[in-house]
Amino acid sequence: MCGIVGIVGKSNVNQALYDALTVLQHRGQDAAGIVTSDQGRLFLRKDNGLVRDVFHQRHMQRLIGQMGIGHVRYPTAGSSSSAEAQPFYVNSPYGITLAHNGNLTNVEQLSREIYESDLRHVNTTSDSEVLLNVFAHELAVRNKLQPTEEDVFAAVSQVHKRCRGGYAVVAMITGYGIVGFRDPNAIRPIVFGQRHTDEGVEYMIASESVALDVLGFTLIRDLAPGEAVYITEDGRLYTRQCAESSQYSPCIFEHVYLARPDSLMDGVSVYKARLRMGEKLADKIQRERPDHGIDVVIPIPDTSRTSALELANQLGVKFREGFVKNRYIGRTFIMPGQAARKKSVRQKLNAIDLEFRGKNVLLVDDSIVRGTTCKQIIQMAREAGAKKVFFCSAAPAVRYPNVYGIDMPSAHELIAHGRTTDEVAELIGADWLIYQDLDDLKDAVGGGKVKIEHFDCAVFDGEYVTGDVNEQYLDRIEQARNDAAKSTGQRVSAIIDLHNN
Ligand SMILES: O=P(O)(O)OC[C@H]1O[C@H](OP(=O)(O)OP(=O)(O)O)[C@H](O)[C@@H]1O
Ligand SMILES: NC(=O)CC[C@H](N)C(=O)O
Ligand SMILES: [Mg+2]
């Protein structure tokens, strides 16, 4: 779940891209990049680090041009080398740069095809560079000196035929325009919007609507599954359905954890979806533990706040902020490596003893994945003097790996994999534990004003919407990407790219 953005503006877009990336920072903390285009030339800056660390004044001054794209990265394929920061670049045809959120599931086959049939070289282990080369090849075979929207859409259609997995993409064709497209299952999110200026209309494509809001753009809509939007450098906008068949199956985990609550995703307010998660969870507590004896409901900041608040309201129990979050520590779940994640929980959260002393507390989190957070938090609650510590998760048990752009490649690293709820409760040290039911989660997200029938819920039910993920594939990515493999096997890929200092 990286963050992507593309802007076709009427004046330099560097600052707007930077600002949009800071708003999307919660989607990726490992690397950031921006590329702009001015009179047929490209200007790039990308590196490992947070947005504020990657771009200094000298970089910003060099990023000139009225259109550009940007990326914040949370690696889910390849390595975390700075060579795999995005956007990626190929010089032919036209000079194309691309930023990708998601993960391809047939990258090995594509890599072979790219070299053996398309005669293209890929220099990193990133699936996004492969995706860029597929798109570039399909545009090149149109053999046009000046590509039209028809050529761009035809190339996207071919990408849909060749690529499997989850992908929301922005790509810039130097001198021509920016295209955004979404995989035929709409697994990863992407929206577009516009802003009126004295010089004319400007367009933005972004992972989440919150980036549009903050920069004064109004949301036009989400891209449909398989759809593409193409905005020419001079500001003409075209959209086209590029997939032969498509099914709306957005990733439900976006609503649980990944997205910001102030985003509208596929027409659904993430905030409202989280409130409904809290409501449903309260109903389940009342059903299963009618004599719960809870004195106080305490959220684990940040993401669970919204659902915990509504849960407390619905239960009629006091809601208290028992943990204070250090605002200078980022999200722990998306940090690379278990050691960093574990250390950060303690640095990030501290208990206010008086909210715990002598009380039966219900701790609420949005999800339990590896169990890193809840284990430590429960211990902190006990050290602060809690009588009993109950635990609730606004999402069901995470039991299966994610292969579409969330870095959960290894089932064995998931605390609930192969365990019952009671076993997990014991392992994390809770007096009891309640998980949300999957049907309730689906209803919380897809049962509001805007109805969504189908979701990618693979991490909860093991059903992979692209239909190409089997045991063998899961075994392979587990071997390649478990925490131990990542810490020993980092291949350093050299950067062959645009000037980047
Ligand atoms: O079981 P785990 O493997 O610990 O993962 C789940 C936890 O990680 C996330 O928090 P994170 O600190 O990333 O971000 P937040 O501040 O947005 O809640 C999530 O909100 C849970 O608290
Ligand atoms: N989280 C993502 O969307 C990652 C994009 C891409 N697969 C990468 O690893 O860079
Ligand atoms: Mg959290």
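For labels at Ala485 and Leu145 in the simple 7 Å Cα→Cβ model, what's the distance in nm?
Calculated label separation equals 4.9 nm.
How far is it, in nm, from the label point at Arg62 to the one at Asn91 when both lie 7 Å from their Cα along the line to the Cβ?
The modelled label-to-label distance comes out at 1.8 nm.
Just check the range 1-100 against the gyration tensor rule for me: Cα atoms, a ≥ b ≥ c as the square roots of the eigenvalues, rounded for a/c under 1.5, and otherwise prolate or oblate depending on whether a/b exceeds b/c.
It comes out oblate by the Cα gyration axes.
When we measure straight from the Cα of Lys388, which lysines land under 20 angstrom away, once same-chain ones fewer than 8 places off are left out?
Partners within reach: Lys284, Lys318, Lys359, Lys375.
Assigning unit charges at the beta carbon (Lys, Arg +1; Asp, Glu -1) and nothing else, what dipole magnitude in debye, to the nearest 20, does the chain show about its Cα centre?
1320 debye
Does the range 2-247 come out rounded, prolate or oblate by the C-alpha gyration tensor, with a ≥ b ≥ c the root eigenvalues, rounded set by a/c under 1.5 and, if not, prolate when a/b is larger than b/c and oblate if not?
Rounded shape, in that the Cα axes give a/c under 1.5.
With θ taken as phi - 60° and the coefficients 6.51, -1.76 and 1.60, list the Karplus ³J(HN,Hα) couplings across the range 460-468 in order, rounded to whole Hz; mark glycine and proline as x.
These are the phi-based 3J(HN,Hα) values: 9, 10, x, 9, 9, 5, 7, x, 10 Hz.
Under 1.5 on a/c is rounded, so check that first for the range 360-462, then, if it is not, pick prolate when a/b is larger than b/c and oblate when it is not; a ≥ b ≥ c are the square roots of the alpha carbon gyration tensor eigenvalues.
Oblate shape, in that a/c is at least 1.5 and b/c is the bigger or equal ratio.
How big is D, in µm² s⁻¹, for the chain by Stokes-Einstein at 37 °C and 0.692 mPa s if Rh is the Kirkwood radius over C-alpha pairs?
The estimated diffusion coefficient comes to 142 µm²/s.
Taking the Cα centre as origin and putting +1 on Lys and Arg beta-carbons and -1 on Asp and Glu beta-carbons, what dipole magnitude results for the range 20-64, to the nearest 20 debye?
With only Lys, Arg, Asp and Glu charged at Cβ, the dipole is about 100 debye.
Please report, in debye to the nearest 20, how large the charge dipole of the range 2-247 is about its Cα centre when each Lys and Arg carries +1 at its beta carbon and each Asp and Glu carries -1 there.
200 debye
Can you give the % of DSSP beta bridges in the range 349-501 that are antiparallel, to the nearest 5?
15 percent
Using modelled amide H (1.01 Å from N, peptide plane; none on Pro or chain starts), what sits under 5 Å from the amide H of Gly371, excluding residues fewer than 5 places away?
Those qualifying (amide H under 5 Å, at least 5 residues apart or on another chain) are Ile415.
Can you give the % of DSSP beta bridges in the chain that are antiparallel, to the nearest 5?
The antiparallel proportion sits near 80 percent.
What ³J(HN,Hα) values, in whole Hz, does the Karplus curve 6.51 cos²θ - 1.76 cosθ + 1.60 give for the range 443-452 when θ = phi - 60°, with x put for Gly and Pro?
Here the 3J(HN,Hα) series is 5, 4, 8, x, x, x, 5, 8, 8, 10 Hz.
Amide H neighbours of Asp456 under 5 Å, at least 5 residues apart or on other chains, H built in the peptide plane: list them.
Answer set, sorted by chain and number: Cys251, Ile252.
Could you point to the residue in Gln194, Gly267, Leu223 farthest towards the positive end of the range 188-288's charge dipole, with +1 and -1 charges on the Cβ of Lys/Arg and Asp/Glu respectively?
Result: Gly267.
I'd like to compare 366-374, 278-286, 243-251: which one has the highest average count of other Cβ atoms within 10 Å, and what's the full order after that?
Descending mean neighbour count gives 366-374, 278-286, 243-251.
Arg476 versus Ile352, label points 7 Å from Cα toward the beta carbon: distance in nm?
5.2 nm
Read phi for every residue in the range 41-48 and hand back ³J(HN,Hα) as whole Hz from Karplus 6.51 cos²θ - 1.76 cosθ + 1.60, θ = phi - 60°, with x for Gly and Pro.
10, 10, 10, 10, 9, 8, 6, 6
Which order results if Leu63, Leu132, Leu119 are arranged by neighbouring Cβ count within 10 Å, fewest first?
Fewest-to-most Cβ neighbours within 10 Å comes out as Leu119, Leu63, Leu132.
Only the coordinates and a few stated rules stand behind these numbers; no lab work does. All figures in this text were calculated on a predicted structure; none of them were measured in a lab. Note that each Cβ is placed from the backbone with ideal geometry, even for glycine, and that neighbours are counted across all protein chains shown.
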